[in-house]
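Enquirer: Handing you a structure now.
The values are calculated or read from the model by the stated rules, or taken from the named source; none is laboratory data. The structure presented is a predicted model; accordingly, all values stated were derived computationally and were not measured. Neighbour counts are summed over all protein chains in view; Cβ atoms, including those assigned to glycine, are modelled from backbone coordinates with ideal geometry. Keep in mind that these areas ignore ligands, DNA and RNA; they rest on the heavy atoms of the full protein, side chains included. Shrake-Rupley method; radii C 1.70, N 1.55, O 1.52, S 1.80 Å.
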Amino acid sequence: MGNGFEYGEERIKKLEVLRELGIEPYPGRVSEVVPIGSVIKDFEVFAKNESRVWVAGRILTFRAHGKSTFSDIVDGTGKIQIYFKFDIIGQEKYELLKLIDIGDFLCVYGVPFVTKTGEKTINVYDYTILAKSLRPLPEKWHGLKDPDLRYRKRYLDLIANPETKKIFTVRADLLRLTREFFYSQGFLEFETPILQPLYGGAFAKPFTTHFYALEKDLYLRIATELYLKRLLVGGFDKVFELGKNFRNEGLDRFHNPEYTSLEAYQSYTDYYGMMTLAENYLSFLAKTIKNSDEFSYQGKKVSVKPPFKRLSFVDSIKMKTGLNILKATETELLNYCEKEGIKVERRNRAKIIEKIFDEKVVPGLEEPTFVLDYPVELSPFAKFKDDNKELVERFELFILGIELANAFTELNDPFEQRARFEEQIRMKTEDFVSEIDEDFIEALEYGMPPAGGIGFGIDRLVMIFADAPSIREVILFPILR
């Protein structure tokens, strides 16, 4: 039964007694129950009419007083007090309460009433055991506040900590509202392959797996981009996907190797159209989840009221470092990093520039800010700016130093796309593609309309709207060391 199960020996004995009495502790059928939240909401009506109701849930407390016992029962909608009285349920059922433990699931049948102390209560006429709990609840489990333990035993974290449950309620709401928003804007949701013969759509190291039926290696996708853009070629003008991506990279406050992404692509627009879409999306989430487009995150005020601030990528680095990254050599960039104590793990120009930006610029981006117009070497799928072929039409959205979104005016020139792929291969780094996605190039050769595309990190959005300090707080079962 696992380590520490000696604490359940007494409960196992109770379970055995129940079975000896002919009572199944894990029955398969349940009476039609009323959610506790509904009973609380319409309590006056139930009490006035002396309506009898079935409610079911987990027992949280027992308070025995002679031939009367009070208890609290909770389900996913609320908590309510229940009252067992010897004179009402009879000796057999009252004695049976000795075999009930905190943590057990019961179904109780009774009449709502208000006690002398004014507490809403159900006067129990009958009850049924639904599931016997063999281990004590987390309140008695030493060390539950340990974050690592909470993540590994998330089901116990949900029982013990109401704030955790609120976070995942926000997450569920945000996913629902995301779909609601994008459908309201005319987008259609699609599912693209998670197992892919080639990985692409981002700079990231993939997870590799092997498909034995074809004796072929496949990759868990690092992005949905290239398949969704194939749908633009096929004639869908507005597409999005909510789903998992996988990147074989590190763990920290903002990164988990398995994470949830939203990517959306729209024909006949550009990155300015994606800015408007992003502003409206975040404002919609805030007004719906927070009831205002102004709220706080970790004690800091946030306003997502459009329009957001806009800042040049090149200028932002120059203001903080004095470097002109379009003219600086790789050696000059590395020398700057060494002088400033910036660790560079992957020594290619694109990664060095990104590292400088992350260290020197990002921490100061507190108000919602679109950072615009990136060097082409950082953005293999974005279209050139008309007036400067060193830059592409790309932005990233930051709030309180957290990157929330990445967007492009999408590259639809098959010749330029091939040249970008070839440059990645020439650089020979493990997080760039190792071969050209010829099928994607062929799709572009049939013609893809001008388009804008955007990707949001859903886990980070949940962090913001649930006021959670770390990505591990908003992923139910995060990867742990």
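Enquirer: With a Förster radius of 51 Å, plug the Cβ-Cβ distance of Lys318 and Thr115 into 1/(1 + (r/R0)^6) and report the FRET value to the nearest 0.05.
Expert: Numbers: r = 70 Å, r/R0 = 1.37.
In this case the efficiency is close to 0.15.
Enquirer: Figure the gain on full extension for Lys301 and Ile479 (residue separation times 0.36 nm, minus the Cα-Cα span) and round it to one decimal in nm. Numbers along the way, then the final one.
Expert: Details: separation 178, 0.36 × 178 = 64.08 nm, distance 3.04 nm.
Full extension of this stretch gives 61.0 nm more.
Enquirer: Just tell me which aspartates and glutamates come within less than 13 Å, Cα to Cα, of Lys383; anything on the same chain fewer than 8 places away is out.
Expert: Within reach: Asp270, Asp373, Glu393, Glu410, Asp413, Glu416.
Enquirer: Step through the residues of the range 297-314 one at a time and calculate ³J(HN,Hα) from phi using the Karplus curve (6.51 cos²θ - 1.76 cosθ + 1.60, θ = phi - 60°), rounding each to whole Hz and writing x for Gly and Pro.
Expert: Karplus-based 3J(HN,Hα) across the range 297-314 equals 10, 6, x, 10, 6, 10, 10, 10, 6, x, x, 8, 5, 10, 9, 5, 4, 5 Hz.
Enquirer: Out of every Cα pair in the range 354-410, what percent are spaced more than 15 Å from each other? Don't skip to the end; give the middle numbers.
Expert: Working: 757 of 1596 pairs.
Value for the range 354-410: 47 percent of Cα pairs lie more than 15 Å apart.
Enquirer: I need to check one value: relative contact order of the range 201-307, counting alpha carbon pairs closer than 8 Å and at least 6 residues apart, in percent. Provide the component values of the computation, followed by the final result.
Expert: Details: 137 pairs, mean separation 19.5, N = 107.
Result for the range 201-307 is 18 percent.
Enquirer: Determine the per residue accessible area of the range 270-409 with all protein chains present and a 1.4 angstrom probe, expressed in square angstrom. If you can, show how the numbers build up before the last one.
Expert: Details: 6500 Å² over 140 residues.
I get 46 Å² per residue for the range 270-409.
Enquirer: Also: Using the Karplus curve 6.51 cos²θ - 1.76 cosθ + 1.60 with θ = phi - 60°, what ³J(HN,Hα) values do you get for each residue of the range 25-42, in whole Hz, with x for Gly and Pro?
Expert: Values, residue by residue: x, 9, x, x, 10, 10, 5, 5, 9, 9, x, 4, x, 5, 4, 5, 4, 9 Hz.
Enquirer: If you bin every alpha carbon distance in the range 247-295 into 10 Å steps from zero, what whole percent lands in each bin?
Expert: 20, 29, 38, 12
Enquirer: For a Förster distance of 45 Å, can you work out the FRET efficiency between the beta-carbons of His255 and Thr77, rounded to the nearest 0.05?
Expert: On the way: r = 35 Å, r/R0 = 0.77.
In this case the efficiency is close to 0.85.
Enquirer: Give the Rg/Rh ratio for the chain, taking Rg as the radius of gyration of the Cα atoms and Rh as the Kirkwood radius, to two decimals. Numbers along the way, then the final one.
Expert: Details: Rg = 28.7 Å, Rh = 26.3 Å.
We get a ratio of 1.09 for the chain.
Enquirer: List the trypsin sites (Lys or Arg not before Pro) in the range 16-81 that DSSP assigns to loop (not H, G, I, E or B) and whose Cβ has at most 15 other Cβ atoms within 10 Å. Which are they?
Expert: Numbers: sites: Arg19, Arg29, Lys41, Lys48, Arg52, Arg58, Arg63, Lys67, Lys79; in loops: Arg29, Arg52, Lys67.
The qualifying sites are Arg29, Arg52, Lys67.
Enquirer: Something else now. Anything over 29 Å Cα to Cα? Flag those among Lys229/Lys327; Lys165/Lys300; Lys205/Lys360; Lys305/Lys327, in the order listed.
Expert: Values: Lys229/Lys327 33 Å; Lys165/Lys300 23 Å; Lys205/Lys360 25 Å; Lys305/Lys327 36 Å.
In this structure, Lys229/Lys327; Lys305/Lys327 lie more than 29 Å apart at Cα.
Enquirer: Now a separate question. Compute the relative contact order of the chain as a whole-number percentage, counting only Cα pairs closer than 8 Å that sit 6 or more residues apart in sequence.
Expert: Numbers: 870 pairs, mean separation 61.4, N = 481.
Computed over the chain, the figure is 13 percent.
Enquirer: Suppose the chain between Asp387 and Glu340 were pulled fully straight at 0.36 nm per residue; how much longer would it get relative to their current alpha carbon spacing? Walk me through the intermediate numbers first.
Expert: Values: separation 47, 0.36 × 47 = 16.92 nm, distance 3.30 nm.
That pair, Asp387 and Glu340, stretches by 13.6 nm at full extension.
Enquirer: In the neighborhood of Arg152, defined by Cβ-to-Cβ distances under 12 Å, what is the net charge if each Lys or Arg adds +1 and each Asp or Glu adds -1?
Expert: Computed value for this residue: +2.
Enquirer: Report the label-to-label distance for Glu20 and Asp42 in nanometres (one decimal), using points 7 Å from each Cα along the Cα→Cβ vector.
Expert: 4.4
Enquirer: Also: Where in the chain is the longest stretch that carries no GluC sites (Glu not before Pro) classed as loop by DSSP and with at most 11 other Cβ atoms within 10 Å? Let's see the in-between values first.
Expert: Details: sites that count: Glu32, Glu50, Glu191, Glu215, Glu345, Glu430, Glu435.
It runs 51-190.
Enquirer: Another question, if that's okay. With a cut-off of at most 11 other beta carbons within 10 Å, and DSSP calling the residue loop, which trypsin sites (Lys or Arg not before Pro) in the range 168-222 qualify? Please list them. Present the calculation step by step, with values, prior to reporting the outcome.
Expert: Working: sites: Arg171, Arg176, Arg179, Lys216, Arg221; in loops: Arg221.
Answer in residue order: no site qualifies.
Enquirer: Could you check the spin-label model distance between Phe415 and Lys93? Points 7 Å from the Cα along Cα→Cβ, value in nm.
Expert: The two pseudo-label positions are separated by 8.4 nm.
Enquirer: Name the long-range amide H neighbours of Leu400: under 5 Å, sequence gap of 5 or more, or other chain; modelled H, no Pro or chain starts.
Expert: Distant-sequence amide H within range of Leu400: Glu366, Glu367.
Enquirer: May I pose another question? Show Asp270, Asp146, Asp293 ordered by accessible area, largest first, where the area counts protein heavy atoms only and the probe is 1.4 Å. Walk me through the numbers on the way to the answer.
Expert: Working: Asp270 50, Asp146 75, Asp293 25 Å².
So the residues, ranked largest to smallest area, are Asp146, Asp270, Asp293.
Enquirer: Please compute the Kirkwood hydrodynamic radius over the range 129-263, one decimal place, Å, based on all pairs of different Cα atoms.
Expert: Numbers: mean 1/r = 0.0547 Å⁻¹.
Across the range 129-263, the inverse of the average 1/r is 18.3 Å.
Enquirer: Could you calculate the FRET efficiency of Glu10 with Thr209 from 1/(1 + (r/R0)^6), where r is the beta carbon distance between them and R0 is 41 Å, rounded to 0.05? Intermediate results must be reported in sequence, preceding the final value.
Expert: Numbers: r = 46 Å, r/R0 = 1.12.
Computed FRET efficiency for Glu10 and Thr209: 0.35.
Enquirer: Semi-axes of the equivalent ellipsoid for the range 222-307, please: Cα gyration tensor eigenvalues, times 5, square-rooted, ordered largest first, whole Å. Kindly include the intermediate steps, with their values, before the conclusion.
Expert: Values: eigenvalues 142, 93, 19 Å².
Gyration-tensor ellipsoid for the range 222-307: 27, 22, 10 Å.
Enquirer: Would you mind telling me the share, in percent, of accessible area of the chain contributed by carbon and sulfur at probe 1.4 angstrom? Display every interim value, and only then the final one.
Expert: Details: 12220 of 24060 Å².
Whole-percent figure for carbon plus sulfur exposure: 51.
Enquirer: Name the trypsin sites (Lys or Arg not before Pro) in the range 269-328 that are in a loop by DSSP and that have at most 16 other C-beta atoms within 10 Å, would you? Don't jump to the answer; show the numbers that get you there.
Expert: Numbers: sites: Lys287, Lys290, Lys300, Lys301, Lys309, Arg310, Lys318, Lys320, Lys327; in loops: Lys327.
Here the sparse-neighbourhood loop sites are Lys327.
Enquirer: Let me spell out the model: positive unit charges on the Cβ of Lys and Arg, negative unit charges on the Cβ of Asp and Glu, origin at the Cα centre of the chain. What dipole size does that give, in debye rounded to 20?
Expert: Numbers: 68 positive and 76 negative charges, 376 e Å.
Dipole magnitude for the chain comes out near 1800 debye.
Enquirer: Spelling out what I want: for every residue of the range 262-271, take phi, set θ = phi - 60°, compute 6.51 cos²θ - 1.76 cosθ + 1.60 (Karplus), and round to whole Hz; glycine and proline get x.
Expert: Computed from phi, the couplings for the range 262-271 are 10, 10, 9, 9, 9, 6, 6, 8, 9, 5 Hz.
Enquirer: Going down the table (Lys244/Lys343; Lys85/Lys116; Lys318/Lys355), which pairs top 20 Å between alpha carbons? Working shown, then result.
Expert: Values: Lys244/Lys343 29 Å; Lys85/Lys116 16 Å; Lys318/Lys355 14 Å.
In this structure, Lys244/Lys343 lie more than 20 Å apart at Cα.
Enquirer: Can I ask one more? From Cα coordinates alone, what are the radius of gyration and Dmax values for the range 272-369 in angstrom?
Expert: When restricted to Cα atoms, the range 272-369 yields Rg and Dmax of 17.1, 50 Å.
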